[in-house]
Each structure stands twice: as C-alpha cells, then as structure tokens.
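Below is one structure, written out as structure tokens; comments come after it.
All of the numbers you see were taken from the coordinates with simple rules; none came from a lab. Every value quoted in this text rests on a predicted model; they were computed, and no experiment measured them. Neighbour counts run over all protein chains shown; Cβ positions are idealised from the backbone, glycine included.
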C-alpha cells in the first residue's frame, strides 16, 4: 500500500502541462500520538491553486518545487491517536493532492456533521470555500443592500452562481451575470435564475452593461479580472462597491495583461474596490453554512458539481477552470467509496 | 468697464495651448433683486479643471465650448440686493475664470470670516478645497489610524503636503512622500517634515517603496495615478487602504496610458481602493477648517502658495500643475487689491 501524490515538477508558464507535475508513490505516513490518518475522498479544485504554482507574492507562499500540490479536500479518518477525531469522521481541510494525509496540530481538519441529508460533493461546493466565498463576499465585503443592481462575473461558475442566487433571494433589484458562451449564459438564467446574462466572448460588453444597468452597477462581484473588470468599472454606479476575490483571466497569462484603465471611475462615482480572501472568514463559517444549507434543503439554491475521477487527473481538472470546460464546482474524486451519511 | 472672461475655444488634446481658450470681454452683469455682484480676487487652479475640458463622463458635466472656464475662486461683494451678502464681504465659490460674477440662488457663495489673521491666499489653500481634500481624504476616506505607514503621491503639491503633515501630527509611524525631482523631494522632507521622499523620475520606485516600507503601505493617498499608483499597489500592506482623489498623470494623456496591473494585490492583502470627490464633504467643511486653521495659526502646518498674476495667465497657470513648474498651491491673482482683513 502506497500513498500516491501529485507534486510540482516545474513552475508552469500559461496552462499547466504534463511536465508541470509528477505523480509519485511514497509510503503511507505513520500516525503518531496526537495525530490522525485521513484517507482522502475528494479534492476541491480552485483557481487559486494555479497562483500558488507561480513564484510570486501571494496570500500564501508559493508551492515549492517537489512539494505536493496544495489543495483543500475531504476524507475519512481511518486511524486516530487524538481525541479530536474519531475513526469514520468525514473531515475537511488541507488534504493536498494525495491519497493519505496526517492531521496534526499544524494541519487541523474540520469534522463535517453527518445526517443533514446533503451529500459530500454538495457539501464541498455550497457549504465549502466556494459557497462561503459567495456568501461573505456578497454580504460582508460587498455590503449588499436590498434593491442593489448586482453584476457577477464567472456567473456560471461555482462561486458566481451562488452569489447571484443569494442576491436574488435577498432582494436585489436586478442580478446580471457575465459568462462565456451561449450555453453557459442560458444556464445562468435558466438554472440559476439571474435576470439576464451577458456573453463576454461577444464584442461590446461595456455598452451592453450600460444597457442592462442604465443607472450603473451598485455591486460587482468579480473573480475574473482583466477587461471584464475594466468594462464593469466603466459602469459603476454612484457609491458602487466592487468586490474582487480573484482574477482567473490573469492567472495563466502568458504575456503582460492589459491593465485596468477605468479605475479612475472610482473617483467620479465615489466607488470602492475591495479585495478579500475567504480564509479570513473561516472562523465565521457556521453562520454561512447554516444559511446556505437551508437554501439547499428547501431547494431554492441550484448548484452542480463537475466530478473528475482519479487523483492522476487533478492537473487536467485544474486546467478545466481556465478553459471553461467545467460546469459548476470542479471536484476530483480520489476515493469514490467514501460518502457522507 | 468690462468683464474679461476666459472661455473654452476647443477641447484640448494633451497640454492646453493658446488655441484652447479665448480671452473675451463682455459687459459686467447687472445685479438684480436677490442677487449680489462679486468682483473676483483670486482663482483656485486645480487639476480637475483640465478634466472638465474633455468631453468625457465625470462628476460634473464637461465645460461647453464657448462657456467660461469653470473654477472656484474668491472675491469681494461690490453690490448686494440680498440680505445673504453685505457689500465688502469676502466670499468663496464658483467664480469661474472671469473678473465679475453674480451670486444668486443657483450659484451661492460662502462668506469667509475675517479677523482670523490668515490671509486670502492661505485661506484658499489650506482652508479651501485643497486642505479639505487632504483632511477628509486622509481621516475619513482613508480611515487613518495612529501608527499607520502613510505614503503620499504629489507630496510637494498643495494637497499632498497637507496630507503628510496631518498624518505626521496625528501619529503616523512613517510618512513617505513621492515627488518629481530632487528639489521637490528636498522640500517635502525639509519644509513639510515627511520622513523620506522618493523621486518618481528615478528608476526603481517600486523597489524603493519596499525598502522604506518593508511591512507595506497602510494608507496611500494618491492624486497622481498611473505607474506610481501601480508601484504603490505592489507594496500594499495587509488591510491597506488606498485613497484616490485624482489621477493627474492621466488627465493630459495623449495616448492610452498603461493600465493598472497590481490591483490584484488588493485581493492578496485584503486591501481597499476608494475614490472620492471633496464636494461630498463640503457640508462638513467647518470641522476641517477649524482643525486646519489651528495648525496654521500655531505654525505647525507649512504651506506655500504659487501666485500667478493676471486672469489672462490662468491657462498657463493650469499647465504648471502638469509640468510640475508650480511650488505649492497655484492661485491666479485677478485683483490684487482685494484682501482678507
């Protein structure tokens, strides 16, 4: 029995390639006093993983060459020498891209309550970092107010789709999505209930935003960055709030991206642009998870998970986020037998 | 007796030229019931005037072709048919670039209290829009906190120099200026008491900012924009606050400026970038003017005014702001005989 791991072989330029990572086999770590051994169930595939592969300043240090790719994920406790975890507990935390991980004082895991009637994939999507990002980004960082005109980039994505649905449920006067291609735009309106969705691949986004938000954008939730953010800034409403939680359009950039030109509209419209990292809100996860679980259980929150089978396919799964080939939250299934009761 | 006026002849591209404006003579307006006639003393020359000459969206509509150039200024009431003003009152308001202006219900003026022992030029600088911008921008928009590392662009300028001095007086742990050329940098340190001043005309600003602010910039006060703002963003501290009140480097831009690239640091550092227009704070002028007058009178606030003689030289005075040829607050003296008692 071995522990398969995906490690960083070299720093990628642009999309990751087969040369970026190595699939290696090591021994399963030994569980010492005060520790627990976790068998990994699923990995959460998030755009931020791509940023950790660069040798650039970030909110966490870059992944070192030769190290296991950093990632959150879930698993089951198969051995425990600490009262913190019981064998059989389903847990969430920094699993990284591997089959087995040790929980200790440095690397703590959160036990996921069972019996809620919500499966593991949904939990990792809506009740995980994705849903929390949507919840706190919109309500806390964005200071959402009833009546706001809300625009969401990456609207077909795991985070964006939840942002729009919370905004709609809490009384936004209009919820506009931005997504890539007619299929995703249709999904944003039909499945996620946005009022309208604009296709950024078509020309004239800036003008179209003006047409659908003639009084401007009160709250923009952005995880795309680049030209889409710039077009939105051109349409900021008086006292508008721009929440930026990511810039997926930039993470793979091969050449210097076109910079923001319309940030001076923040002056004209007395606007605010605020960045955040969901890590800061994790101590308050409970309140968001309660609210979101309620919406899942009463059927008012549509969501979907894009499952990729096999640890060895994690690098391809990460690329899907940048090619737009995924639908909903991308998860890698490492062990499909592990389920949340 | 005529009313000389400077009007907008054509929309400038880049620096304004003799073709941009016309100097015309019209009749002195007749003072009707409910109105007062004001003889203009001095004009406040502000970068924002240049933005109003463009046909672009802003916080006020563009100046129309043929209209008198919009500007604030001071003057003396020489005729009054309203109880609001007494003949002899020194007033502040929208004088525009001309020798005489009517105060009415549409265009109200603020009477400047006399007897404070502060002259008119100083009043227009420190107690005028310039000082108010510094005061509210730093303390309210920027939410200045004792111990902050504060960086100010345009630090030798009228607004920037006041920002740094207020920050220093209120307990900033370090106040760093950015200015153009060794002469201005020396002034920023020696005259205005900043801890250090960096010359943006020399290469390596980004790296130098890191050297003088190794823990990052808590509060950046920017009225320059462009590459300087981008270099500062690269050095934003955790939870840093960036206040943008202008982008003078962009107002004259002949070609598409290089856009912001480092705004994604707002995400990494959970930062905020906030724009503001001082107009929003004018109802609260009193509190700022009291605090600033106190600092002028006790000698703790250094300031200087750059006086340009003659209405006809107002266009050249405006260009000084962009060439950096001014030292301190630029004012055009229209009638040097009008003084504040």
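Structure summary
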quantity	calculated
Test item: B:225-233 mean partner chain Cβ contacts at 10 Å	1
Label distances, nm, residue B:323 versus same residue in remaining copies, Cβ-directed 7 Å point	5.8
Relative contact order (%) - the stretch A:153-220, alpha-carbon pairs under 8 angstrom, separation at least six	27
Average beta carbon contacts from partner chains per residue of A:273-279, 10 Å cutoff	6
Rel. contact order, % - alpha carbon contacts under 8 angstrom, at least six apart, the stretch B:50-123	22
Label-point separation, residue B:173 to residue A:2 (7 Å along Cα→Cβ), nm	5.0
Whole-Å semi-axes of the ellipsoid equivalent to chain A (Cα gyration tensor, √5λ, descending)	35, 23, 17
Peptide-level mean, for A:56-65, of C-beta atoms on other protein chains within 10 Å	2
Anisotropy class of the protein assembly as shown from Cα gyration tensor, a/c 1.5 cut	prolate
Rg followed by Dmax, in Å, when the stretch B:143-301 is reduced to its Cα trace	15.3, 46
Residue of A:176, A:126, A:30 that the Gaussian network model of chain A assigns the largest fluctuation, springs spanning Cα pairs under 10 Å	A:30
Compactness relative to 2.2 N^0.38 Å, alpha carbon Rg of the stretch A:176-225	1.09
Chain A: relative contact order as a whole-number percent, Cα under 8 Å and 6+ apart	18
Most to least packed among B:188-194, B:278-284 [average Cβ atoms within 10 Å]	B:188-194, B:278-284
Hull-based mean projected area of the stretch A:163-205, where the convex hull spans the alpha carbons, in square nanometres	2.9
The stretch B:214-280: C-alpha gyration tensor shape, a/c 1.5 cut-off, then a/b vs b/c	oblate
Axis proximity, chain B to A: residue whose C-beta lies nearest, plus whole-Å distance	B:259, 1
Where labels lie 7 Å past Cα in the beta-carbon direction, separation of residue A:10 and residue A:140 in nm	4.1
Gain on full stretching of the segment that runs from residue A:105 to residue A:79 - 0.36 nm per residue minus C-alpha separation	7.8 nm
Gyration tensor (Cα) of the stretch B:127-230, equivalent ellipsoid semi-axes in angstrom	19, 15, 13
Inter-copy label distances at residue B:81 (7 Å, Cα→Cβ; nm, one decimal)	9.7
Overall dimensions of the stretch B:3-76 as given by Cα atoms, namely Rg and Dmax in Å	13.7, 43
Position residue A:22, label points 7 Å along Cα→Cβ, spacing to each other copy in nm (shortest first, one decimal)	7.8
Most fluctuating residue given options A:26, A:95, A:272, as computed from a GNM of chain A linking Cα atoms under 10 Å	A:26
Helix-only CD estimate at 222 nm, as mean residue ellipticity for chain A, using -39500 (n - 2.57) per DSSP H run (n ≥ 4)	-7000 deg cm²/dmol
Rounded FRET efficiency, nearest 0.05, which uses the C-beta distance separating residue A:309 from residue A:201 and R0 of 35 Å	0.75
GNM top mover of B:33, B:46, B:199 - chain B, alpha-carbon springs below 10 Å	B:33
